[in-house]
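Working notes, beginning with the structure itself.
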Amino acid sequence: MIIKKRWGAFWVVEAAGLLIYILLCAVLHRAWVAAAGGIFVLLSVYWYWYYYSLEYSTAEKTLLITSGIIFRRERRLPVENILWEMRLSLLSERNTAATILHTAGGITVIFGEISTLPG
């Protein structure tokens, strides 16, 4: 199993946040623009470090997802527990931006592409 992390998902979320900030600037009074800008910057920095620290690896038919900035979280997902998957791609590129894995216990989002999964 090969996993490739894609930064496309990061840039889509960042662009959506910037669009929300621009809309807030157009609607809110001037005193709130600085506060909204500060919140946008903080969320951007947090999202960048979270995405940068996000790691995927495989070992013996198990997908290992490690995430977190201060506190590291490790999730193990056996490949045989994956019921089905859905791939999302961006209009600007043909590669997969995110893969959503549906399991009996919930949903896991992979910011990238998993090249092979057993049927």
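For the chain, how big is the tail of P(r) above 17 Å, as a whole percent of Cα pairs? Cα-Cα pairs in the chain separated by more than 17 Å: 63 percent. If you plug the beta carbon distance of residue 90 and residue 25 into 1/(1 + (r/R0)^6) with R0 = 22 Å, you get a FRET efficiency near 0.25. Accessible area per residue for segment 1-86 is 74 Å², calculated with a 1.4 Å probe on protein heavy atoms, without ligands, DNA or RNA.
Please state the relative contact order of the chain as a whole percent: Cα pairs under 8 Å, 6+ residues apart? Here the relative contact order equals 28 percent. Against the main long axis of the alpha-carbon atoms of the chain, helix 8-27 sits at an angle near 20°. The GluC sites (Glu not before Pro) of segment 1-64 that DSSP puts in a loop, and whose beta carbon has at most 11 other beta carbons within 10 Å, are 60.
Given the rule -39500 (n - 2.57) for each run of at least 4 DSSP H residues, summed and divided by the residues of the chain, what is its mean residue ellipticity at 222 nm, to the nearest 500 deg cm²/dmol? That calculation yields -13000 deg cm²/dmol at 222 nm.
Remark on residue 89: its backbone amide H falls under 5 Å from those of 97, a criterion applied only to residues 5 or more positions apart or on other chains, H modelled at 1.01 Å from N.
Out of the total accessible area of the chain (probe 1.4 Å, heavy atoms of protein only), what percent is carbon and sulfur?
Numbers: 5370 of 8360 Å².
Ligands and nucleic acids excluded, carbon and sulfur give 64 percent.
For the chain, the longest principal axis of the alpha carbon atoms and the long axis of helix 30-53 meet at an angle near 20°.
The values are calculated or read from the model by the stated rules, or taken from the named source; none is laboratory data. This one's a predicted model, so the numbers in the text were calculated from it and none came from an experiment. For neighbour counting, all protein chains shown are included, and Cβ atoms are generated from backbone atoms with ideal geometry for every residue, glycine included. Only protein heavy atoms, including side chains, enter the accessible area calculation; ligands, DNA and RNA are left aside. Shrake-Rupley method; radii C 1.70, N 1.55, O 1.52, S 1.80 Å.
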